[in-house]
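Colleague: Have a look at the structure that comes next, please.
Every read-out reported here was derived from the displayed coordinates using simple, explicitly stated rules and does not represent laboratory data. Since this is a predicted model, take the numbers as computed values, not measurements. Here the Cβ is made from the backbone with ideal geometry for all residues, glycine too, and neighbour counts use every protein chain on show.
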Amino acid sequence: MSNFFKKSDLSRKEAESIISDTLQKCDDGELYLENSKSESILLDDNKIKNSSYNSDLGFGFRAISDEVVAYSHSNEISKNSLKQSSENLKSTLKSVKGTYNHEIPKSNKKYYDNINPIEQKSLNEKIKILNDVNDYLRSKGDKVKQVTANFLGEQKSVEIIRSGGETLSDVRPLVRFNVSVMVEKNGRKESGVYGVGGRQSYESYLKDENWKSVCDEALRIASVNLESKPAPAGEMKVVLGPGWPAILIHEAVGHGLEGDFNRKKTSAFHNLMGQKVASEGVTIIDDGTIDNRRGSLTIDDEGTPTEKTVLIENGILKNFMQDRLNARLMKTRSTGSGRRENYRHIVLPRMRNTMMLSGKQTQEEMIKAVDKGIFAVSFGGGQVDITSGKFVFNCTEAYEIIDGKIGSPIKGATLIGDGPSILKEVSMVGNDMMMDPGIGTCGKAGQGVPVGVAQPSILIDKMTVGGTKL
Amino acid sequence: MVKDQEFLKKKASYCLDLAKKLGATDSSVVVKNSVSETVNFRNKKLDEANRSDDLGISITTYVGKKKSSISSSNLLSDNLNILIEKCLETTKNTPEDEFNSLPDKDLLAREVKDLDLYDDSHIANNQKIDYLKKLEAAASNDKKIVNTESSFTQNKSNFVLANSEGFCDGYKTSSFTASSVTVAKDEKSMERDYEYSSKCFLKDLDDADELGNLAANQTIRKLSPKKIGSEKIAIIFDKRIAKGILSTFASAISSSAISRGTSFLKDKVNQKIFSDKINVFDKPDMLKGLGSRNFDSEGVKTDTLKLVDHGILKHYLIDTYNGKKLNLKSNGRCGGTSNLYFENGNISFKDLLNSNSKSLYITETIGHGSNIVTGDYSVGATGFLVENGEFKYPINEITIAGNFKDIFQNITLANDLEFKYATNSPTMLIEGMVVAGK
């Protein structure tokens with residue numbers, strides 16, 4: 001737990017009084033304090049290329065009146081600086097006459113331990129694992145030409161002080177271990193990437209030499225791609241594997257169901273509440289409460305405990321994801337989805353762990369049902385245009401399917417679809433739901449936050465595959 | 001107010017002195033302060049006002065050939081003491097790398113020219129509001145526009161870069177940025193588009209009406225798009241997309257990708273990678289240039305480079321570390337390019353549209369579909385079908401794909417280059433790409 005006022009000329013009491021004074025006629029707002037420590041250790045090209053440590057401290061002061069948000073942040077926690085921020089907020093919201101909403105739900109549940117993962121493993125141990133990774137992969141044959149591996153660790157302490165002095169706090173650990181490998185055969189180069197992570201110690205992910213399985217997976221993807229042929233171009237059936245390919249759900253429907261875009265009516269989903277937006281059997285939730293997952297949060301960045309929010313139930317649109325501002329303006333409640341990258345940024349409604357739940361079919365049944373199409377197993381990133389609803393994602397491991405059988409691997413291609421209609425094209429939902437390995441970061445309005453995804457195998461009847469083979 | 005050079009230099013030399021005292025054989029430090037004020041409007045009303053004041057420091061220490069770095073936003077002396085101590089401890093425990101070093105002394109920038117990168121004028125929030133009111137009035141003129149979101153940001157920054165070889169310099173920069181994102185709707189569709197202007201000097205910023213009108217028109221024309229069939233077709237990239245091709249080119253010739261062997265342009269210096277007529281420049285000393293700089297992020301002087309001469313690759317973008325690895329001297333490109341651009345081609349925009357009886361004019365791409373290891377390219381796209389030089393109808397939900405090795409050889413440029421961003425291209429025609437649609 002950080003004591004934000006320990007080395008400051010500003011006492012907690014004085015801060016509380018400035019906060020209450022600034023927010024008295026506002027509808028909402030808070031002082032958000034953050035202290036984060038992070039490290040990055042990178043092995044690349046046979047060497048430890050980088051070892052760096054970052055310590056960041058600051059506050060963000062927010063005042064909301066009706067739809068207007070005033071925000072001011074600084075990395076100096078002092079009387080002067082908070083007073084200056086208060087003046088800034090007051091000058092933006094000149095003649096406010098709201099009533100501060102003191103209501104904030106409480107919960108005693110915690111979804112991760114209060115640890116500092118950086119301190120739990122020594123620098124020398126981390127360097128040793130990175131060197132072992134390098135030696136292990138390079139011992140797999142001459143085709144391995146480049147190995148990159150890194151540790152990213154963080155501990156972020158946050159405190160939210162609301163008008164009247166109510167205080168909410170959270171300490172969030174986060175780690176990620178990544179391996180990327182480039183292989184070369186007959187002059188052709190391909191790469192493969194894999195990683196693991198979440199809100200636990202490094203050891204939880206790497207014990208029993210589990211780092212070897214991360215290496216094996218990265219090398220397997222790279223090796224498959226060495227044999228890949230040009231991808232087809234045009235509309236066809238697509239089978240998605242379980243787990244990480246759920247970034248399709250994240251891009252295709254997740255962003256479109258965030259409260260701000262729907263309040264502003266700029267999402268393709270804004271007028272579809274209660275309507276059928278997906279095939280029967282499709283249920284999608286956004287869950288911040290799964291233990292130790294990358295996208296989980298004990299409380300969101302406004303202090304609201306997170307929850308399991310049902311977005312689509314058996315094909316019907318049920319809920320949007322809300323922060324306090326958008327919930328108030330849409331006359332509903334926050335779903336604990338208010339997040340920010342750090343104290344420099346305003347809160348936005350964001351996803352946590354977005355998951356499509358299991359159905360009844362098997363992956364084999366799906367493959368058999370396809371006469372011409374592709375089977376996509378792993379992806380790079382994705383992106384969506386909220387307004388038109390069009391979204392893309394990039395395959396990093398995919399195969400052609402011909403007459404119900406998996407054929408040759410195909411080159412990385414972009415898949416494009418239409419968010420509001422794609423889930424109606426889902427004709428089979430698998431019984432094999434899987435979480436992703438804990439590596440996702442979602443970007444919105446220039447802010448990156450850690451998220452998770454999950455899904456079973458699914459069969460989509462029609463999607464456009466962006467290959468080069470006509 | 002943004003902190004002055006004297007304050008930043010004092011912090012920098014404090015760190016260098018302390019690092020030396022604690023056993024660093026070399027060190028470098030960057031201290032930066034950035035103050036920005038943003039006002040956002042939505043549907044002609046104030047939506048958000050945001051002020052940020054960021055002060056940050058990053059320090060790299062060397063012990064022989066060992067290196068490590070730290071960064072922090074807390075510049076109080078007792079915090080710096082703890083961090084620099086931690087940094088040196090980490091440095092000593094990090095394995096040696098023979099290529100780790102500060103830049104060669106004779107490559108460091110000697111003089112700092114005034115490149116006209118700082119405008120002292122201040123635009124108060126109520127003046128920003130006046131600008132945005134005018135902008136949003138223009139943007140929402142047409143009934144088809146159902147949502148407008150506009151923004152005005154003033155940013156003032158100052159920095160100092162110092163190292164233990166005696167380099168210590170920095171300068172102020174400013175930027176004024178206005179943008180507008182509009183949503184248009186008709187019975188069949190809802191579309192979004194934008195327009196944007198960013199300048200070092202306030203007086204150079206685009207007119208509010210003009211910006212609003214452009215944003216609205218660019219959105220309205222996208223309504224009721226169609227999807228087309230899959231085929232091989234000539235692609236024309238709007239300038240805002242064409243510059244992305246240059247950015248990919250820049251990452252593929254960065255010395256780090258070259259030395260790691262992870263670029264499709266490795267070993268291509270003095271080879272023809274573009275069509276004959278293509279010239280690419282990186283010019284750091286442009287007055288008021290959005291990418292202008294006096295030296296790179298290691299303090300190395302930067303000269304103008306003709307990266308591509310009549311289709312032939314002439315230089316990589318080299319920093320100290322990767323330069324030593326490749327046995328090449330740094331050309332001042334640590335941190336990337338400055339003002340990077342394709343020289344104008346010799347046909348007009350109109351002639352470019354007319355050069356094929358049928359082509360696709362692309363105004364937006366989505367997805368991260370550029371692979372610099374293989375050169376493969378595949379992205380989602382939005383644009384217009386062009387027939388006999390005329391825009392026929394909007395298209396979306398398609399992808400375009402190819403490989404940069406072929407794309408580069410098949411580029412024709414118009415003569416309409418503007419310096420709107422740090423990286424700029426004229427309108428670009430590419431033959432031979434594959435569109436996937438229906």
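Colleague: Take chain B, connect every pair of alpha-carbon atoms lying under 10 Å apart with a spring to form a Gaussian network, then pick out the residue of B:Asp119, B:Asp309, B:Asp186 with the largest mean-square fluctuation.
Modeller: Its mean-square fluctuation being the largest, the pick is B:Asp186.
Colleague: Give me the number: length gained by fully extending A:Lys308 to A:Glu203, i.e. 0.36 nm times residue separation minus the C-alpha to C-alpha distance, one decimal in nm. All intermediate terms of the calculation are to be shown ahead of the outcome.
Modeller: Values: separation 105, 0.36 × 105 = 37.80 nm, distance 2.78 nm.
Stretched out fully, the A:Lys308 to A:Glu203 stretch lengthens by 35.0 nm.
Colleague: Given a Förster distance of 22 angstrom, what is the FRET efficiency for B:Ile129 paired with B:Asp207, based on the Cβ-Cβ distance and rounded to 0.05?
Modeller: Efficiency for this residue pair is about 0.85.
Colleague: Taking neighbour counts of Cβ atoms within 10 Å as a proxy for exposure, in what order, fewest first, do A:Arg188, A:Arg199 appear?
Modeller: In increasing order of surrounding Cβ atoms, one gets A:Arg188, A:Arg199.
Colleague: Now a separate question. For region A:298-350, which trypsin sites (Lys or Arg not before Pro) pass both filters: DSSP loop (anything but H, G, I, E, B) and at most 12 other C-beta atoms within 10 Å? Walk me through the numbers before you get to the answer.
Modeller: Working: sites: A:Lys308, A:Lys318, A:Arg324, A:Arg328, A:Lys331, A:Arg333, A:Arg339, A:Arg340, A:Arg344, A:Arg350; in loops: A:Lys318, A:Lys331, A:Arg333, A:Arg340, A:Arg344, A:Arg350.
Passing both the DSSP loop test and the Cβ count: A:Lys331.
Colleague: What distance in nm lies between label points placed 7 Å from Cα along the C-beta direction at B:Lys277 and A:Lys360?
Modeller: In this crude label model, B:Lys277 to A:Lys360 measures out at 6.3 nm.
Colleague: If the cut-off is 16 Å between C-alpha atoms, which aspartates and glutamates fall inside it for A:Lys207, apart from same-chain ones fewer than 8 positions away?
Modeller: Candidates past the 8-residue exclusion: A:Glu125, A:Asp132, A:Asp216.
Colleague: Counting alpha carbon pairs within less than 8 Å and at least 6 residues apart, what relative contact order, in whole percent, applies to chain B?
Modeller: On the way: 1102 pairs, mean separation 64.5, N = 438.
Once divided by the residue count of chain B, the mean separation gives 15 percent.
Colleague: Now for a separate question. Would you order B:Met1, A:Met366 from fewest to most other beta-carbon atoms within 10 Å of each residue's own beta-carbon?
Modeller: On the way: B:Met1 9, A:Met366 26.
Fewest-to-most Cβ neighbours within 10 Å comes out as B:Met1, A:Met366.
Colleague: Give me, ordered by chain and number, the residues 5 or more places off A:Phe5 or on other chains with an amide H under 5 Å from its own placed amide H.
Modeller: Counting only residues 5 or more places away or on other chains, the set is empty.
Colleague: Going by Cα centres, region A:111-126 and region A:369-436 are how many Å apart?
Modeller: For region A:111-126 versus region A:369-436, the Cα centre distance is 37 Å.
Colleague: Among the aspartates and glutamates, select those whose C-alpha is under 13 Å from the C-alpha of A:Lys276, and discard any that sit fewer than 8 residues away in the same chain.
Modeller: A:Glu313, A:Glu425
Colleague: Once R0 is set to 45 Å, what does the formula 1/(1 + (r/R0)^6) return for the Cβ-Cβ distance between A:Ile402 and A:Lys265, expressed as a FRET efficiency to the nearest 0.05?
Modeller: Values: r = 44 Å, r/R0 = 0.98.
It comes to 0.55.
Colleague: If amide H atoms are built 1.01 Å from N in the plane of the peptide, which residues on other chains or at least 5 residues away come under 5 Å of the amide H of B:Lys226?
Modeller: Those qualifying (amide H under 5 Å, at least 5 residues apart or on another chain) are B:Ile395, B:Asn396.
Colleague: Shifting gears a bit: Please work out whether region A:355-464 counts as rounded, prolate or oblate from its C-alpha gyration tensor, where a ≥ b ≥ c are the square roots of the eigenvalues and a/c under 1.5 means rounded, while otherwise a/b larger than b/c means prolate and anything else oblate? Please report the intermediate quantities before stating the final value.
Modeller: On the way: a/c = 1.63, a/b = 1.50, b/c = 1.09.
Since a/c reaches 1.5 and a/b is larger than b/c, the shape of region A:355-464 is classed as prolate.
Colleague: Which lysines does A:Lys109 reach when only Cα atoms under 23 Å apart count, and residues fewer than 8 places away in its own chain are ignored?
Modeller: A:Lys156, A:Lys308
Colleague: Could you line up B:Phe419, A:Phe375 from fewest to most neighbouring Cβ atoms inside 10 Å?
Modeller: Placing the least packed residue first, the sequence is B:Phe419, A:Phe375.
Colleague: Lys and Arg at +1, Asp and Glu at -1: add these up for the other residues within a Cβ distance under 12 Å of A:Lys37 and post the number.
Modeller: Neighbour charge sum, excluding A:Lys37 itself: -2.
Colleague: Just need the relative contact order of region A:10-148 here, percent rounded to a whole number, with Cα pairs under 8 Å and 6+ apart. Walk me through the numbers before you get to the answer.
Modeller: Details: 178 pairs, mean separation 37.0, N = 139.
This gives 27 percent for region A:10-148.
Colleague: Of A:Lys49/B:Lys113; A:Lys145/B:Lys92; B:Lys324/B:Lys405; A:Lys128/B:Lys67, which ones are farther than 24 Å apart at the Cα?
Modeller: A:Lys49/B:Lys113; A:Lys145/B:Lys92; B:Lys324/B:Lys405
Colleague: Give the calculated FRET efficiency between A:Asp113 and B:Asn415 to the nearest 0.05, with a Förster radius of 56 Å applied to their Cβ-Cβ distance.
Modeller: After rounding to 0.05, the efficiency reads 0.35.
Colleague: With the cut-off at 28 Å, tell me which of the pairs A:Lys411/B:Lys185; B:Lys203/B:Lys283; A:Lys83/B:Lys3; A:Lys411/B:Lys392; B:Lys301/B:Lys325; B:Lys133/B:Lys283 have Cα atoms farther apart than that.
Modeller: Correct reply: A:Lys411/B:Lys185; A:Lys411/B:Lys392; B:Lys133/B:Lys283.
Colleague: Taking the Cα centroid of region A:16-50 and of region B:148-227, what is the distance between the two, rounded to the nearest whole Å?
Modeller: If we compute the Cα centre of each part, the gap is 26 Å.
Colleague: Let me ask something else. Take the residue pairs B:Lys144/B:Lys226; B:Lys143/B:Lys239; A:Lys6/A:Lys94 and return only those whose Cα atoms are more than 22 Å apart. Mind showing how you got there, number by number?
Modeller: Numbers: B:Lys144/B:Lys226 18 Å; B:Lys143/B:Lys239 28 Å; A:Lys6/A:Lys94 33 Å.
Among B:Lys144/B:Lys226; B:Lys143/B:Lys239; A:Lys6/A:Lys94, the Cα-Cα distance tops 22 Å for B:Lys143/B:Lys239; A:Lys6/A:Lys94.
Colleague: Compute the acute angle (0 to 90°) between the alpha-carbon long axis of helix B:77-93 and the principal axis of greatest extent of the alpha-carbon atoms of chain B; round to the nearest 10°.
Modeller: It works out to around 90 degrees.
Colleague: Here's another thing I want to ask about it. Could you let me know the centre-to-centre spacing of region A:205-275 and region B:15-90, using Cα atoms, in angstrom?
Modeller: Computed from Cα coordinates, the inter-centre distance equals 35 Å.
Colleague: Follow-up. Note down the net charge around A:Gly359, summing +1 for each Lys or Arg and -1 for each Asp or Glu among other residues with Cβ under 13 Å from its Cβ. Intermediate results must be reported in sequence, preceding the final value.
Modeller: On the way: positive: A:Lys360; negative: A:Glu280, A:Glu365, A:Asp432.
After counting each charged neighbour, the total is -2.
Colleague: Tell me the relative contact order for chain A as a rounded percent, counting alpha carbon contacts under 8 Å between residues six or more apart.
Modeller: That works out to 16 percent.
Colleague: Return the calculated 222 nm mean residue ellipticity for the protein assembly as shown, to the nearest 500 deg cm²/dmol, obtained by summing -39500 (n - 2.57) across DSSP H runs with n ≥ 4 and dividing by the residue count. Don't skip to the end; give the middle numbers.
Modeller: Values: 18 runs with 185 residues, N = 908.
After summing the helix terms and dividing by residue count, I get -6000 deg cm²/dmol.
Colleague: First check a/c for chain B, with a ≥ b ≥ c the square roots of the eigenvalues of its C-alpha gyration tensor; if it is under 1.5, answer rounded, and if not, answer prolate when a/b is larger than b/c or oblate otherwise.
Modeller: Values: a/c = 2.26, a/b = 1.38, b/c = 1.64.
The shape class here is oblate.
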